[in-house]
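Since the structure comes first, as structure tokens, the remarks are kept for the end.
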Amino acid sequence: FVGDASQAFTVANFDKLWIEMKVAQDDVHYLKEGLPVKISSGGKEAQVSICQFDPMISEETRKATAVAVMDNREELWSVGEYVTAHIQTTS
């Protein structure tokens, strides 16, 4: 028996993972949606592209945020895993 105030389970689908990248304010002008990104961590690599880019600079971190979505159907990547992102720019 589970009471009304309890959560019995959570349904989650990790087939696609969001990669959130913090970008230094001096580099923001180089970025736009669609740029290719090489993601790596612990010997794994993946190619993705920026699907969202918010050029607004955070007052706390002095960085902007870019987001890419990665296919994870093979479950090679973990939620919350730290990765290195190399963004390919044209300039």
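The values are calculated or read from the model by the stated rules, or taken from the named source; none is laboratory data. Everything quoted here is computed from the prediction, not taken from an experiment. Please note: Cβ atoms are built from the backbone with ideal geometry, for glycine as well, and neighbour counts cover all protein chains shown. Surface areas here come from the heavy atoms of the whole protein model, side chains and all, with no ligands, DNA or RNA. Shrake-Rupley method; radii C 1.70, N 1.55, O 1.52, S 1.80 Å.
Assorted remarks:
- Region 33-81, residues that are touching a Pro at 6+ places or on another chain (Cβ under 9 Å) and open to solvent by 90 Å² or more (accessible area, probe 1.4 Å): Gln47
- Residue match in region 2-9 (condition: open to solvent by 60 Å² or more (accessible area, probe 1.4 Å) and closer than 30 Å to Thr89 by Cα): no
- When residues of region 82-91 are limited to those that are within 10 Å of the chain's Cα centre (by Cα) and more than 18 Å from Asp26 (Cβ to Cβ), the one most open to solvent (accessible area, probe 1.4 Å): Tyr82
- Only listed residue being β-branched (Val, Ile, Thr) and at pLDDT 95 or above, chosen from Thr65, Thr90: Thr65
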